[in-house]
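> What follows is a single structure, and I will ask about it in a moment.
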Amino acid sequence: MQDRFGRTISYLRVSVTDRCNLRCRYCMPEGGVALLSHDDILSLEEIYDVVCAAVDKGVTKVRLTGGEPLVRRGIVDLVKMIAGIDGIRDFGLTTNGILLEDYAAALAAVGLDRINVSIDTLNPLRFKNMTRGGDIDKVFAGIDAAEKAGLLPIKLNCVVGEFSNKEDAASVKAFGAERGFEVRTIRMMDFKSGSFSVVEGGSGGDCQNCNRLRLSSDGEIRPCLFSDKSFGVRELGAEKAIEEAVLLKPESGGPCKHNWMHGIGG
Ligand code: SAM
Ligand code: SF4
């Protein structure tokens, strides 16, 4: 699929839930968020249908995200369904790692290619504070399990911002170097001001070369993380929603009304 600005759209990021087992300071408000009702969340079959439609139209790369994708009931079934779609060359999942030890082997067995794990510091107390309660040992155990299961290459996402210090990102980079994992540092984004920047070591934030569409857990195709434009797959049907989103994908992102990543899928 080509958009108006000559960009080839080949990457779909799918938020499978708005729920999460952590409350990272830059992602979720402390008291949590008004959660979507069960009926508003796409079923596994509906998600599968949208991914099929996107792959039919030329998407070759799919990533599951959230919220925390591993808290979605049936996630292994969904991975299996999507892994069976012909035409996907790169199938990954982004997780906070807390439940990864329990799921890594099963995810690899049903066809997931690889894993990105979000970790902003190696310091257990600071990790607990940044995530409002997370246990970093679970993340380490999850990373070990993913490596053992062959979910490779493992990449680490490290958000840097006012909540973190130099040692936090440096420690994650050192850990990545020691274990052979690529580390992508991401500047904390602020949606209301439209402030975002290029991801160091990754491909996000580079509007000219953006190849992405997003599917939110409530079934909206979003052409840009930094835009409020969205197209409902239940109202329009998956094909039409995808076509409209590609047609109206903005040239670059800007300020928007939503202010949290968890519902859209970072
Ligand atoms: N729960 C999973 C996780 O944390 O990896 C997947 C969803 S999370 C929304 C996806 C990515 O977005 C994570 O790497 C997270 O650090 C990042 N993220 C969340 N809020 C952000 C913000 N305000 N600025 C930059 N990155 C953010
Ligand atoms: Fe949850 Fe991921 Fe957001 Fe942290 S960044 S609150 S783990 S969705």
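The values are calculated or read from the model by the stated rules, or taken from the named source; none is laboratory data. As the structure is a prediction and not an experimental result, all values here were calculated from the model. Cβ placement follows ideal geometry from the backbone for every residue including glycine, while neighbour counts extend to all protein chains displayed. To get the accessible areas, we keep the full protein, side chains included, count just its heavy atoms, and leave off ligands, DNA and RNA. Shrake-Rupley method; radii C 1.70, N 1.55, O 1.52, S 1.80 Å.
> Given springs between every Cα pair under 10 Å in a Gaussian network model of the chain, which of GLY97, GLY254, GLY74 has the largest fluctuation?
GLY74
> Tell me, which longest segment in the chain has none of the GluC sites (Glu not before Pro) that fall in DSSP loops with at most 15 further Cβ atoms within 10 Å?
31-161
> Per-residue HN-Hα couplings for segment 59-72, Karplus 6.51 cos²θ - 1.76 cosθ + 1.60 at θ = phi - 60°, whole Hz, x for Gly and Pro?
Those phi angles translate into 6, 10, 10, 10, 10, 8, 8, x, x, 9, x, 7, 8, 6 Hz.
> Could you state the angle between the C-alpha long axis of helix 44-56 and the longest principal axis of the C-alpha atoms of the chain, as a value from 0 to 90 degrees rounded to the nearest 10?
Taking Cα atoms only, the helix is inclined about 70 degrees.
> Name the residues whose placed amide hydrogens come within less than 5 Å of the amide hydrogen of ILE186, ignoring near sequence neighbours (fewer than 5 apart) on the same chain.
CYS158, VAL159, VAL160
> Helix-only mean residue ellipticity at 222 nm, the chain, DSSP H runs n ≥ 4 weighted -39,500 (n - 2.57), per residue, nearest 500. What is it?
Calculated from helices alone, the mean residue ellipticity at 222 nm is -9000 deg cm²/dmol.
> List the aspartates and glutamates whose alpha-carbon lies under 18 Å from that of LYS148, not counting same-chain residues fewer than 8 positions away?
LYS148 reaches GLU101, ASP102, ASP113, ASP137, GLU178, GLU182.
> Would you mind working out the accessible area per residue for the chain, using a 1.4 Å probe, and quoting it in Å²?
Per-residue accessible area for the chain comes out at 45 Å².
> Take the residue pairs LYS128/LYS249; LYS57/LYS80; LYS57/LYS173; LYS192/LYS249 and return only those whose Cα atoms are more than 28 Å apart.
LYS128/LYS249; LYS57/LYS173
> When ranked by the protection proxy of mean other Cβ atoms within 10 Å per residue, highest first, what sequence do the peptides 211-219, 2-10 form?
My ranking of the peptides, most packed first, is 211-219, 2-10.
> When we measure straight from the Cα of LYS166, which aspartates and glutamates land under 12 angstrom away, once same-chain ones fewer than 8 places off are left out?
ASP120
> Now, a different point. What size of dipole, in debye to the nearest 20, comes out for segment 11-263 about its Cα centre when the only charges are +1 on Lys and Arg C-beta atoms and -1 on Asp and Glu C-beta atoms?
Here segment 11-263 has a charge dipole of around 480 debye.
> So which aspartates and glutamates can LYS240 reach, going by Cα to Cα under 19 Å and dropping same-chain residues fewer than 8 places off?
Straight-distance partners of LYS240: ASP3, GLU45, GLU46, ASP49, ASP56, ASP218, GLU220, ASP228.
> Further question: I need the peptides 17-23, 228-234 ranked by packing, meaning the mean over residues of other C-beta atoms within 10 angstrom, with the highest value on top.
Descending mean neighbour count gives 17-23, 228-234.
> Give, in nm to one decimal, the length gained when the segment between GLU178 and CYS256 is fully stretched (0.36 nm per residue of separation minus the Cα-Cα distance).
24.2 nm
> Tell me, for the chain, which Cys residues have no other cysteine's C-beta sitting closer than 4.7 Å.
Among the cysteines of the chain, those whose Cβ sits 4.7 Å or more from every other are CYS20, CYS52, CYS158, CYS207, CYS210, CYS224, CYS256.
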